[in-house]
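Student: Right, I'll just put the structure down here and ask away after.
The values are calculated or read from the model by the stated rules, or taken from the named source; none is laboratory data. From a predicted model like this one, the values you see are computed outputs, not experimental measurements. With ideal geometry, Cβ positions are generated from the backbone for all residues, glycine too; neighbour counts draw on all protein chains shown. What goes into the accessible areas is simple: the full protein's heavy atoms, side chains included, and nothing from ligands, DNA or RNA. Shrake-Rupley method; radii C 1.70, N 1.55, O 1.52, S 1.80 Å.
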There are 2 protein chains.
Amino acid sequence: MTRTYENNRSAELLDAAAVRFADAGYHKTTIREIGDAAGMLPGSVYYHFPSKADLLLAVYDEGVERVGGAVDAALEGKVDPWDRLEAALGGHLTAILEASAYARVLLSVLPSDVPEAAARLRDARDRHEDRFRELVADLDGDLGVDPALFRLFMLGAANHAKVWFHPGSRRPVDIAAELVRVLRGSEASDRSSEPAGAS
Amino acid sequence: MTRTYENNRSAELLDAAAVRFADAGYHKTTIREIGDAAGMLPGSVYYHFPSKADLLLAVYDEGVERVGGAVDAALEGKVDPWDRLEAALGGHLTAILEASAYARVLLSVLPSDVPEAAARLRDARDRHEDRFRELVADLDGDLGVDPALFRLFMLGAANHAKVWFHPGSRRPVDIAAELVRVLRGSEASDRSSEPAGAS
DNA sequence: ATGAATACCAAACAACCGTTTGTCAAGTCT
DNA sequence: AGACTTGACAAACGGTTGTTTGGTATTCAT
């Protein structure tokens, strides 16, 4: 049985790559920088990953898993469909705006940036966005719009926060709450307004 | 009087640059490609523009002007604030999704992609987004959210269409209409629901 | 102890990047 | 006609890029 050796710095490498990819994007990040940050020469990176694109892909997959975890955690215990949507968006935004470089990569590098890996990057991203497809489908009231369009508007609005968000003022979960409040107005035409219990 | 000569291919150069920047982004576009597309050697590009960043900036400015023009044209004759917002979004989306490579550049290259020109790129972009600040401010009813946040959500949702839009199915103006309909729900809490005329 | 796998280093490779330099025909001004 | 400007070409420059190759100390299985 030949198995791991455990002087392995693959994890540090991946961390370093995640930070650089998230902050500078794919093309502005060089193998040399990543290697440097992991205390490694550029050539050594290729012992761990066969190419720069594969390195990105590994980061991307890990990113999907982490945002997914954040969403799952936020979702725990919530039962009302709108509450669930808000919680999921809260987890999503927290991960992407504050928590993890891995998560941020999902927004700062587009699949089209790396044609040779575009299909697999899109797969990874879809794997995450599918959660929201479900959450939107579970909303009871008539939305007044195509649910697919509703989801795209919602994710577009949320992810755009990456551009204007700066930590310290509004918390990601507050942004999620406000967004859901705006979107929720659209169902108020039929079953209009009980102010929803509270206290 | 020393004046122009008019064998000048600056315009073709700018067009070529706009298309490449829009389709491939800043870093993946090379001066050689742009020169090629304009029938020019790479060195000759520098007769017209002092640097790649300056070339982008010229494209960007022209882009702002063209989307601005599309918005102005769409706005003509509209008086109701919500109608105006919808029209403006329609013009914005049409320009960005179908009409002009110059317009598309506003979405496909971020100011942060080119640090040496980031400030001036942001200026250009703000010049355009300020129109929407006004349009949102003119909405009468209480929005139920911070107008700034409302604007950011709206532009985020709209611009995200660049990712999922494909020509032939839904028209940009229809997307704008749907988006406004979703957002408009949020004003229905106080002055709830006259179904707004219609046969 | 021996042999193989591990996890790197050191150095280079070819390709490509944005940009500069020197040159020059064609057009315009005087 | 001569001087000067325009709009390019041709060729290279220095630097950076992702990647490859060959070597080597350390660790592990036998």
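Student: Counting only protein heavy atoms and rolling a 1.4 Å probe, how much accessible area do A and B lose on contact, total for both sides, in Å² to 100?
Tutor: The contact between B and A buries close to 2400 Å².
Student: Let me know the Kirkwood hydrodynamic radius for the protein assembly as shown, please, with Cα pairs as the basis and the value in Å to one decimal.
Tutor: 23.1 Å
Student: I'd like the mean, over residues of A:176-185, of how many other protein chain beta carbons sit within 10 Å of each residue's own Cβ.
Tutor: Taking the mean over all residues of the peptide, I get 5.
Student: Consider all pairwise Cα distances in the stretch A:4-81 and report the whole-number % of them above 22 Å.
Tutor: Percentage above 22 Å: 33.
Student: Just to verify a number: FRET efficiency for B:V79 and B:D130, C-beta to C-beta distance, R0 = 22 Å, to 0.05?
Tutor: E(calc), rounded to 0.05, equals 0.60.
Student: Report the one residue of A:V64, A:G185, A:G90 whose Cα lies farthest in the direction of the positive end of the charge dipole of chain A (charges on C-beta: Lys and Arg +1, Asp and Glu -1; origin at the Cα centre).
Tutor: Toward the positive end, the furthest listed residue is A:V64.
Student: What span do the alpha-carbon atoms of the stretch B:1-139 cover on each of the three principal axes, reported in whole Å from largest to smallest?
Tutor: Cα extents, longest axis first: 52, 36, 29 Å.
Student: Which whole number of Å³ per residue matches the convex hull of the alpha-carbon atoms in the stretch A:60-187?
Tutor: Cα-based convex hull of the stretch A:60-187, divided per residue, equals 100 Å³.
Student: What area, in nm² and to one decimal, does the C-alpha convex hull of the stretch A:82-146 cast on average over all directions?
Tutor: Convex hull of Cα atoms, orientation-averaged projection: 5.3 nm².
Student: Taking the simple approach of a point 7 Å from Cα along Cα-to-Cβ for both A:A148 and B:Y46, what is their distance in nm?
Tutor: Once both label points are built, they end up 5.0 nm from each other.
Student: Once you keep just the Cα pairs under 8 angstrom separated by 6 or more residues, what percentage relative contact order results for the stretch A:60-187?
Tutor: 33 percent
Student: Efficiency by 1/(1 + (r/R0)^6): what FRET value for A:A37 and B:D54, r their Cβ-Cβ distance, R0 = 41 Å, to the nearest 0.05?
Tutor: 0.80
Student: Can you tell me how much longer the chain between A:V173 and A:D123 gets when fully stretched, taken as 0.36 nm per residue apart minus their C-alpha distance, in nm with one decimal?
Tutor: Stretched fully, the A:V173-A:D123 segment lengthens by 15.3 nm.
Student: Can you pull out the trypsin sites (Lys or Arg not before Pro) in the stretch B:63-138 whose DSSP state is coil and whose Cβ has at most 16 other Cβ atoms within 10 Å?
Tutor: Passing sites in the stretch B:63-138 are B:K78.
Student: Output the pairs from A:K28/B:K162; A:K162/B:K52; A:K52/B:K28 with a Cα-Cα distance over 18 Å in this structure; if there are none, say none.
Tutor: Beyond 18 Å: A:K28/B:K162; A:K162/B:K52.
Student: Can you list the HN-Hα couplings for the stretch B:20-25, worked out from phi with the Karplus curve (6.51, -1.76, 1.60; θ = phi - 60°), rounded to whole Hz and with x for Gly and Pro?
Tutor: Result, rounded to whole Hz: 5, 4, 5, 8, 10, x.
Student: Show that you can apply the helix-only estimate: for chain B, add -39,500 (n - 2.57) for every DSSP H stretch of four or more residues, divide by all residues, and state [θ] at 222 nm to the nearest 500.
Tutor: -19000 deg cm²/dmol
Student: Charges only on Cβ, +1 for Lys and Arg, -1 for Asp and Glu: so what's the dipole of the protein assembly as shown about the Cα centre, in debye to the nearest 20?
Tutor: 1100 debye
Student: Would you work out what percent of the accessible area of the stretch B:59-187, with all protein chains in place, is carbon or sulfur (probe 1.4 Å)?
Tutor: Ligands and nucleic acids excluded, carbon and sulfur reach 47 percent.
Student: Just the number please: accessible area per residue for chain B, 1.4 Å probe, all protein chains included, in Å².
Tutor: The answer is 51 Å² per residue.
Student: What does the charge dipole of the stretch B:59-187 about its Cα centre add up to, to the nearest 20 debye, if the Cβ of each Lys and Arg holds +1 and the Cβ of each Asp and Glu holds -1?
Tutor: Dipole about the Cα centre, nearest 20: 420 debye.
Student: Would you kindly work out, in nm and rounded to one decimal, the distances from the label point of B:D146 to those of the same position in each other copy, ordered shortest first, with label points 7 Å along Cα-to-Cβ?
Tutor: The projected label point of B:D146 is separated from its counterparts by 3.2 nm.
Student: At 1.4 Å probe size, put A:E12, A:E116 in order of accessible surface, largest to smallest.
Tutor: A:E116, A:E12
Student: Heavy atoms of the protein only, probe of 1.4 Å, neighbouring chains included. What is the accessible area of B:Y46 in Å², nearest 10?
Tutor: 110 Å²
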